[in-house]
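The values are calculated or read from the model by the stated rules, or taken from the named source; none is laboratory data. Nothing here was measured: the structure is a model prediction, and the numbers come from that model. Using ideal geometry, Cβ is built from the backbone for each residue, glycine included, and neighbour counts are taken over all protein chains shown.
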Amino acid sequence: MKRFTFLISLALASLAASAQVTVSEPWVRATVPQQKATGAFMKLQSTQDAKLISAKSPAAGIVEVHEMAMDGGVMKMRAIEGLALPMGKAVDLKPGGYHVMLMDLKSQVKEGDAVPLTLTFETKDGKRQTLEVKAPARTMSAPAQSPHGGHSGMKH
């Protein structure tokens, strides 16, 4: 029995050592007919230093983690290998900044659709965590919805 208790404690300790990432306020921008790409946005927070290393979705043929940044006075968007999640600090994925890019969409993403996303995170020691997220689709003009209602800090 002591050995069994030890093994359970060891298993729980190893689970606690992996990144514990939380996702809040996920959403995907709704598209118009024939549009082949859109962005997914959310807030990420980790209990230890980690990074978002990949994303996938059955709604898109290609899914990448992207950043938008100024380059020589021009705003450019590009794929990145990973998005750092510093321990305890919320990282916003939002329009005009970091986001998950869904390309080669299988069909139009309509307002109210729930778009499934699989996010993969990695800690400095190489441990991985995968989270399944259902991100509701909304138009840019729709107000953000928090679990408590209201505008969730959006500026108009």
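Residue-wise test of (1) under 17 Å from T118 (Cα atoms); (2) free of Cβ contacts under 8 Å to residues at least 40 places away in the same chain; (3) in contact with a Pro (Cβ under 8 Å, 6 or more places away or on another chain); (4) not charged (D, E, K, R).
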site: Q35; (1), (2), (3), (4): no, no, no, yes
site: L44; (1), (2), (3), (4): yes, no, no, yes
site: A50; (1), (2), (3), (4): yes, no, no, yes
site: I53; (1), (2), (3), (4): yes, no, no, yes
site: G73; (1), (2), (3), (4): no, yes, no, yes
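Within the set of pairs 6 or more residues apart or between chains, which connect a residue that is touching a residue at least 12 places away in the same chain (Cβ under 8 Å) inside the range 96-109 to a residue that is aromatic (F, W, Y) and surrounded by 13 or more Cβ atoms within 10 Å (Cβ to Cβ) with Cβ atoms less than 8 Å apart?
Note: pairs meeting the criteria are H99/F41; V100/F41.
Just checking, which of L93, L105, L131, L85 is touching an Asp or Glu at 6+ places or on another chain (Cβ under 9 Å) and either at pLDDT 95 or above or crowded, with 17+ Cβ neighbours inside 10 Å (or both)?
The match here is L85.
When the residues of the range 26-43 are filtered to those that are part of a strand (DSSP E or B) and of a type outside the set (G, A, S), which remaining residue is surrounded by the most Cβ atoms within 10 Å (Cβ to Cβ)?
V28
Is it the case, given these coordinates, that L85 is in contact (Cβ under 8 Å) with a residue 60 or more places away in the chain and over 15 Å from A137 (Cα atoms)?
Working: in contact (Cβ under 8 Å) with a residue 60 or more places away in the chain: yes; over 15 Å from A137 (Cα atoms): yes.
Here the answer is yes, as L85 does meet what is asked.
Could you run through the range 108-128 and say how many residues are touching a strand residue (DSSP E or B) at 6+ places or on another chain (Cβ under 8 Å) and loosely packed, with under 11 Cβ neighbours inside 10 Å?
Matching residues across the range 108-128 total 2.
Collect the residues in the range 52-79 that are within 12 Å of H99 (Cα to Cα) and under 13 Å from the mean Cα position of the chain (by Cα), keeping them in residue-number order.
L52, S54, A55, V63, E64, V65, H66, E67
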